[in-house]
Each structure stands twice: as C-alpha cells, then as structure tokens.
Amino acid sequence: MEITALKGIGEKTAKLFYRLGITEAEDLLRYYPRDYEQFQPPVPIAEAAVGEKTAIRGVITGNMTVKHVRNLQILNFTVQDATGTVQITYFNMPYLKNTLKKGIFHIFRGLLQKQGNRLVMEQPAVYKPEAYGEMAGRLLPRYVLTKGLSNQAVTKAVNQAFARCAPAEEFLPASIVADFRFMPHWDAMHEMHFPTDKDALVRARKRLVFEEFFLFILMLRRMKEDNHALPNTCQMIETADTVRLLEALPYRLTNAQRRVWEEIKSDLAGNAVMSRLIQGDVGSGKTILAFLSLIMCAANGCQGAMMAPTEVLARQHYESLIKLKEQYGLRIHPVLLTGSTTAKDRKLIYAQIADGEADIVIGTHALIQEKVLYHKLALVITDEQHRFGVRQREILAEKGNAVHVLVMSATPIPRTLAIILYGDLHISVLDELPADRLPIKNCVVGTSYRNTAYRFMEKEVASGRQVYVICPMVEAGEMEELEDVLSYTEKLKTVLAPSIQVAALHGKMRPAEKNRIMEEFALHHIDVLVSTTVIEVGINVPNATVMMVENAERFGLAQLHQLRGRVGRGEFQSYCIFVSTSENKATMERLKILNESNDGFYISSQDLKLRGPGELFGIRQSGIMKFELGDVFADAPVLQQASEEADRLLREDPDALLGVLEKAAVKAVDVRSI
C-alpha cells in the first residue's frame, strides 16, 4: 500500500517520508522509534540533577535578550522557582520572545548543565503545565526525522499503518515461540512503537531482535554449507614476487602478520576454497596482507578483486598498490573501478578485465555490476566487511568459479561473538601493532571543556594538522538533546578562527557529495570535518590528529574505539576527546576504559560486560553489522540463544531452513543485506 493512501499524506509530505526510506505503509511498521520520551514530574531547580535531562517548573524573570553573533540569534533569559534559577538559551528562535510571557508558569524540559556557578539549559522543550500533565508517566515514541517532518506526523502515520495493514505472518517455529514465551510477532511490532510499559517494550524488542539474529544465522549456515562443498580449482603456490617484496619492504611484518600470511597461503594452496576473516585493529597491517594475497593471485595467472566501502578508500588502496608496483618492480596490472569512473575509462577497464590484461581490480560496488565480466577471477577481498552485505559478497564471488574469499575488518569483536557472526568464515586475528606507532592520548570530559577543546583544535590546525568532530545526529530535531552535524558545523564556524575551513559530512548526502567532501578532507582543503559515524570507515588521513566525539555516553565503547581509529594513522601525536553530557559516575567510569587502553579487543570485551539489554536508548551501533534493532554487544545473550536455536533447528530438521525463509519473505528485512 502506497504511503499516500494514508490520510493526511499528500505528495509533498510523501516526499519527506521518501527521504527516510519510507515509500509504503508497511515500511512504517518497521520504522522503529529511535528513543522514547518518558515525562517525569517537574523537580525543584535546587534538586535537579546536572548532566541529566530534566523538567523544571518556573516563571521567567528579568529581561529577555537577543544577541546577534555572526549568523546566530541567541535568546537568553532566566527562569526561577522557589528554590533557584536557571539560565535558558535558544539559538535562532527569536520569536519565543513574543510567545513566552513573563510571570506565567511554564515547564522547561532539557539537559541541565553547569557553567561556572550557573545552571543552564540550551534549547529546552517548553510546555504549558496542563499539556505536560497529560503526557506524564507515558512512554512516547520518538523517531529519526528529517527537516519539515514532525514526530507527531510520523506517529500518526504509524498508527494508521497498523490499522490498515494486514498482520504479518508468524515465521518462527512454534516450538521456539513457546519455549521462549515470546509475544506474537504483530503484538511485538506494535509494542515497539506504542509500549504499554517498559517491561512490554523490553519483551517486544527481545522477540524482534531474536528474529533478526535467527534469520541472519540461518543464512550464514547455508552459505557455510555451500562453501564447504566447493573444491579449490585454482590452487596457488607462493612465487618469487611476494618473497622478494617482503625482503625489500623497509619494515618487517609483525609476528601476527607473518602468522596470518602463512594461514592465507595455506588456504590458497589447499583443497577447498578459502573463506577467511582477518580481524585487526586500525594500523595492525591488514592492507599489506591483502596486497600480498592479490600479488600471489596475479603471479599464479589468476585475477583478484578488492572491494572497499568508499571511493576515496578504493582510490587510496589503488594508489598504494601502484606505488608498490613502481618501487619494487612488481609484475602486476591493477585497475581502479568506481561509480565515478568516466564512461570512456570504464569501457577500457571492462575490456582489460574481460581479457585478463587487468589481473588486480580495486573498486567499490561497481565491481559487482552486471557489465563487469572477469577473465579468471579467483580471489575476492572485501575491506570492512560490515559495510557490505552477505549478498554483495556472494555476488562478487559468483563472478568467478569457486572463488577464494578474504574478508577484512577493523572492528574488534570478542571471539565468542565473531564465531557466530562470521559463521561462514575461518577467523584470523592480528593482535599486535607495529612497534613504531605512537599511542593516542585520550581524555573523557564534560561539556564545560568544550571551549578548551576548541582552542586546542585551533592550535593543531595552526601546526598544519586536521580535526574530526563526531555528532550523533544529522540535523536539529532528530533528537533534541543530542548534538547534530548541521548545527554544530555552523557553531564551529563562529567559535573557531575565520581562517579555519569547516565542513559537514553525513549519511543523508548524495554519494557523489560524500565522496567529494571526503576527498577534499584527504587533500587537506578542509581543516575540521564535522561528521556522523559515517566517517568510521572509508578514509585514511594520516594528517588528522584530533578526534572529538560529542554525546560520547550514548555510544558503545567498541564504536567509540572504531571512531578513534580515524586518528593516530601518521607520524604525529594524536588525541581523542570524548565529551559526555552526563556526569553520572557509572557513565564516566565506563568511558574511562577508553583512557586505559587503545587495545580494541580488550575494549570490546569490556563493552560486552558493561552493556546489557536494559540499555535500549543508545546510539545505534552502526559499526558492526546492520541490524534494524539488534546490537551485537547489548544483545549478546540473545545472539547466543538465536545461534543455538538455529543450529538445533538445522540438526533436527535440515529442510526447515527453506520453510522459515519463505515465511519470512513477507518481513521486509533483507537478511542477506546485513
């Protein structure tokens, strides 16, 4: 059913929903809330917790002033109750001066912070007491929005979708539903949007997360069986090319790199096709192992392909390989194929790939287009596996006959989880960093440190370095108490020196625009890049030395570590500043783990211990897989259960796999895209 069939959604509003990926009414059912508003009773100002979202009831006292700072209009006033005062600040909302009346009680709800001796709130939501009272005690859904679309409009549309769409079919085996006492699938979907209470919300989410993991694992088991049945029709031997390169390199491989290289060579020469995952922190040396594998493949008269998640990273890999070829006289012919390759160049590259002249192909998703025909594809490497779906990896492998697969990931996952998530792959771990790498200096701070951080950024930029700033949201209004990229970019343009070039990057941009921004940053035409977590893979800028993460308390430790990996990649000392809006002791202790260690595997194991299924309201873990609801750290026990049940089902009834997947087809989650 088209979304325009719903009442109140005309062509103009439909276009806003399209921007969120919602084209049909059924899509709304799975457009789960980002968070939930729980309206607690207002508290006296003297008892309000600093660093927490809170509601206060008071009257406006003194003058309401509007200051103009460059392109910002800043409205300030004071709110008072019988116990204390709070300074309220709004940016670019001068009209509130006319709508808020002095001497009348209002309720202001927002993040309470301390600046010096003053309590302050920026951009709080404001309510009349009677309107606030109607919402008190309820869990109200909050959705990721886009400019022009309100939370109320999405909520209303979701309500209509439930009324007009047919209930989704149950596809979990009845025995599993009974054993785990799962609520019905349709009820679980409804509770996710409009929870009766927190307990019902937790139960609903567990049911839906289990489904996601269960289907994903069934697909992996099927792929594993397919791979095990494939004999190695392109057995390779080590040649002088890789031996000479290793002798000529200006550095020695670490013990971990040498161990993994032996495993790769053994796979390529073995009786069955290789299906291997290399896990290693940023800087552990995965790329040189990928290059050695491609060179060995080419030396054996075959073709190798390497797929990167972004055009910028693909180009960087290609240029690095060309440099190796020229420096050490390698007998290889690499080509680069991306979405922006011109039609003329693409035609030539297609021909070189088809006749085997190009023996190494580096690129993006362009590598799996129908027009790309390989002469003798024998090795496929995907860089940053979590950015490619299972299906995309399959498509590339299908371009050849019994192709070896090597997957690389800089996302350190505890081995217990990795065995489940990468069930179709053998796992190699690079658990050692080169000795010459400078450890990143870290600090966990409150919001009062921001001005100090801005001055430090200016100092680093003046020294010729570059800076990343990470915000969890794209634009204002998505989640009102969290920092967003667009507003923060404008803010930095006012608080940093005018000579500093600041730019924004986020996932809602067109791919060509994203690539342009990343390329500009890589070329140092941009000094400070304000981005969402889209930056956690896909770019290598050794000149970047500062990473500042806003609302750090809302991310998992493993993802913060992944973000931190964008700096510390060059010869200069690098720094990571984690800004927390919560001064809660447990929150600060958790973040301080990042101070203690730069070891991703240690950090991910701590993340696993410290996060649990009760934590429903964090930022989505974009770094590891792409589940709709599931988080492999917070939901690790559910992942384990789903894995055990999938294995039990396949043991007891191997034919059940197809039946479950057929029924699940009505559920618009393409598990193969995870």
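The values are calculated or read from the model by the stated rules, or taken from the named source; none is laboratory data. Note that the structure is a prediction, hence the values are computed from the model and not measured. Cβ coordinates were reconstructed from backbone atoms using ideal geometry, including for glycine residues, and neighbour counts include every protein chain displayed. The protein model used for the area step is the full one, side chains on, heavy atoms only, and it has no ligands, DNA or RNA in it. Shrake-Rupley method; radii C 1.70, N 1.55, O 1.52, S 1.80 Å.
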Review point. Within the stretch 98-113, which residues are under 26 Å from H68 (Cβ atoms) and surrounded by fewer than 15 Cβ atoms within 10 Å (Cβ to Cβ)?
Key: N98, T99, K101, K102
Point to revise | Residue in the stretch 268-284 that is within 34 Å of the chain's Cα centre (by Cα) and assigned to a helix (DSSP H, G or I) present | key: yes
Point to revise | Tally of residues being surrounded by fewer than 14 Cβ atoms within 10 Å (Cβ to Cβ), touching a strand residue (DSSP E or B) at 6+ places or on another chain (Cβ under 7 Å) and touching a residue at least 24 places away in the same chain (Cβ under 8 Å) across the stretch 59-77 | key: 1
Check your understanding: Does any residue of the stretch 13-34 turn out to be buried (at least 18 other Cβ atoms within 10 Å of the Cβ) and part of a strand (DSSP E or B)?
Key -> no
**Study point:** Check on M547, crowded, with 22+ Cβ neighbours inside 10 Å, touching a residue at least 24 places away in the same chain (Cβ under 8 Å) and assigned to a strand (DSSP E or B)
**Key:** yes
Exercise for review: Please work out which residue is modelled with the highest pLDDT, limiting yourself to the stretch 92-103 and to residues that are closer than 24 Å to Q115 by Cα and not in a loop (DSSP other than H, G, I, E, B).
Suggested key: L96
**Study point:** Residue check for R142: open to solvent by less than 50 Å² (accessible area, probe 1.4 Å), under 26 Å from M473 (Cβ atoms) and modelled with pLDDT of 90 or more
**Key:** no
Review point. Do the conditions hold for I56, that is, is it buried (at least 16 other Cβ atoms within 10 Å of the Cβ), among the aliphatic types (A, V, I, L, M) and over 20 Å from G137 (Cα atoms)?
Key: no
Review point. When you look at L277, is it among the hydrophobic types (A, V, I, L, M, F, W, C), at negative phi and in contact with a helix residue (DSSP H, G or I) (Cβ under 6 Å, 6 or more places away or on another chain), yes or no?
Key: no
Check your understanding: What's the number of the condition K508 fails, among (1) surrounded by 17 or more Cβ atoms within 10 Å (Cβ to Cβ); (2) among the charged types (D, E, K, R); (3) within 28 Å of K53 (Cβ to Cβ)?
Key -> (1)
Point to revise | Close pairs from the stretch 1-21: first farther than 14 Å from R164 by Cα, partner open to solvent by 40 Å² or more (accessible area, probe 1.4 Å), Cβ under 6 Å, at least 6 apart | key: A14/T4; L16/G148
**Study point:** Selection status of I322, part of a loop (DSSP other than H, G, I, E, B) and either open to solvent by less than 60 Å² (accessible area, probe 1.4 Å) or modelled with pLDDT under 95 (or both)
**Key:** no
**Study point:** Wholly within the stretch 558-611, helices (runs of 4 or more DSSP H) carrying at least 1 residues that are touching a Ser or Thr at 6+ places or on another chain (Cβ under 8 Å) and crowded, with 20+ Cβ neighbours inside 10 Å
**Key:** 585-591, 600-610
Practice item. Look at the stretch 289-304 and say how many of its residues are part of a helix (DSSP H, G or I) and open to solvent by 20 Å² or more (accessible area, probe 1.4 Å). Key: 1
Exercise for review: Would you check which residues across the stretch 480-491 are among the aliphatic types (A, V, I, L, M), open to solvent by less than 40 Å² (accessible area, probe 1.4 Å) and either at pLDDT 85 or above or more than 18 Å from M548 (Cβ to Cβ) (or both) and list them?
Suggested key: V485
Review point. Does the stretch 174-182 contain any residue that is in a loop (DSSP other than H, G, I, E, B), at pLDDT below 90 and exposed (fewer than 15 other Cβ atoms within 10 Å of the Cβ)?
Key: no
Revision key, fill the gap. If we ask which residues in the stretch 510-525 are among the acidic types (D, E), more than 13 Å from Q466 (Cα to Cα) and either part of a strand (DSSP E or B) or without any contact (Cβ under 8 Å) to a residue 60 or more places away in the chain (or both), their number turns out to be 1
Practice item. For the stretch 35-63, name all the residues that are among the aliphatic types (A, V, I, L, M) and modelled with pLDDT under 90. Key: A49, V50
Exercise for review: Sort through D527, D599 and tell me the only one that's modelled with pLDDT under 85 and over 30 Å from A49 (Cα atoms).
Suggested key: D599
Check your understanding: Looking at (1) within 30 Å of A664 (Cβ to Cβ); (2) open to solvent by less than 80 Å² (accessible area, probe 1.4 Å); (3) at pLDDT 85 or above; (4) under 32 Å from the mean Cα position of the chain (by Cα), which is the one condition that is false for T89?
Key -> (1)
**Study point:** Top-ranked residue of the stretch 147-173 - restricted to ones that are under 30 Å from E645 (Cβ atoms) and among the charged types (D, E, K, R), ranked as surrounded by the most Cβ atoms within 10 Å (Cβ to Cβ)
**Key:** E170
Exercise for review: Identify all residues within the stretch 325-351 that are open to solvent by less than 60 Å² (accessible area, probe 1.4 Å), among the small types (G, A, S) and in contact (Cβ under 8 Å) with a residue 24 or more places away in the chain; write none if there are none.
Suggested key: G339
Study note, to complete from the structure: Of those in the stretch 452-479 that are within 24 Å of K585 (Cα to Cα) and in contact (Cβ under 8 Å) with a residue 40 or more places away in the chain, the residue surrounded by the most Cβ atoms within 10 Å (Cβ to Cβ) is I470
Check your understanding: From the list V502, V495, V541, V528, which one is more than 23 Å from Q573 (Cα to Cα) and in contact (Cβ under 8 Å) with a residue 24 or more places away in the chain?
Key -> V495
Exercise for review: State whether the residues of the stretch 294-305 include one that is in contact with a strand residue (DSSP E or B) (Cβ under 8 Å, 6 or more places away or on another chain), among the hydrophobic types (A, V, I, L, M, F, W, C) and under 22 Å from R569 (Cα atoms).
Suggested key: no
